[in-house]
């Protein structure tokens, strides 16, 4: 049962709430996978290592989770998107005008001073690995600039959503709470608690202590009226069904496959280690007894004399079936990419030659679909957070901030450009008469404003001034009324003067 009331943040109640324990445990496992601490997640692998006490080398932790998460992050945010904003009661911009609106200048300042794309990238990592990303809107003192809004990516591990009684997917309030161990002068350790509750128009902060996983003390520190009729916390969810309150981590389907891959690699390494240090067999005459210890010692010599009928010494070897093991690894790697909606082409592993951007897109159908889904989640979250930031900024006296009525984001596809293909497409559209030359120049060269006007002027000046072709004037002499018609192909006689 999800949290439906802020009363869970009360003295005597368990912390974290019992209903959130499963989510917090899943977060820890996902974070361990992302950071490479796989032995904390895969207990079978750990038991296997502990059983084989002869080996000191640990198993190989594959970096597939982090690599795939980074690849999708680059597809979505590798090329900086263009963010546009329009203020309340602001007139529509005049086409071709160079002057930016106040709202556009304001949103560009927000993006720069907040380092918004970095915050978005952090949230995108959380969305993929944990299932949720959380953005928090606050006011920060920027010194000479005064109070300015900030949008920060918040750790979902400290986020506890309060949902509606009627719809468990409708978040009506948020609790941000975290604990840490603190040691006093008497070396007594106390687990401290810091919490914020976010409701529409109000943020309340608390401090307290936790003992035996229950809230021991709780003191209300401050209540701030934000002047904004919405919560200043914006959650973004990965894939979820109607049965889920929160999103689903992309690592859920990957875990069993990755565990088997790492076990198989460990066993392959064990076989190779044994083959690199094989056991020797041979005639009993090679063995002597150490006079001091009484232990059997094998003669260490390059020449081994053999008596008649004795077997030549050799090493114990066997077929380790490594070909089958590597074949299984290849299959598991293919399945790992499949469940993560990735393809080898994402990492440059392309069979043959890719001749165009369209051909590359066909190899990346699944990754592009997933990137589009992640992009849509980020789009909704970022546009809402920027709108809330403008609302919060407008409450600062003397700020002169414009409230955004519309925020739009123009995303890139994250793929390398194919200039020849782009030019061919737009040239065909211009020839067909369904696109203007100006629109084609804008799309091919990515220019606007003065640069676009200058390019169009140069194009118009370079066109040859051609007048319509003229035909030579032909004068037909009239025939005499009684002149006979000439046969075809013969020149009629000139009329008499």
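Worth a mention:
- By the beta-carbon count within 10 Å of each Cβ, the least crowded to most crowded order of 160, 27, fewest first, is 27, 160.
- Ranking of 130, 292 by neighbouring Cβ atoms within 10 Å, starting from the fewest: 292, 130.
- Simple spin-label estimate for residue 379 and residue 172 in nanometres, 7 Å along Cα-Cβ: 3.1 nm
- Extension gain, residue 204 to residue 216: 0.36 nm times the residue separation minus the Cα-Cα distance gives 2.4 nm.
- Whole-Å distance, taken between Cα centres, linking the stretch 227-242 and the stretch 156-226: 18 Å
- Residue separation of residue 242 and residue 1 scaled by 0.36 nm, minus their Cα-Cα distance, works out to 85.3 nm of gained length.
- For the pair residue 118 and residue 144, the difference between a 0.36 nm per residue extended length and the Cα-Cα distance amounts to 7.0 nm.
None of the figures in this text is laboratory data; all of them are computed from the coordinates on show. Please read these numbers as outputs of a predicted model, since none were measured by experiment. Methodologically, a virtual Cβ is constructed for each residue, glycine included, from the backbone with ideal geometry; neighbour enumeration extends over all protein chains shown.
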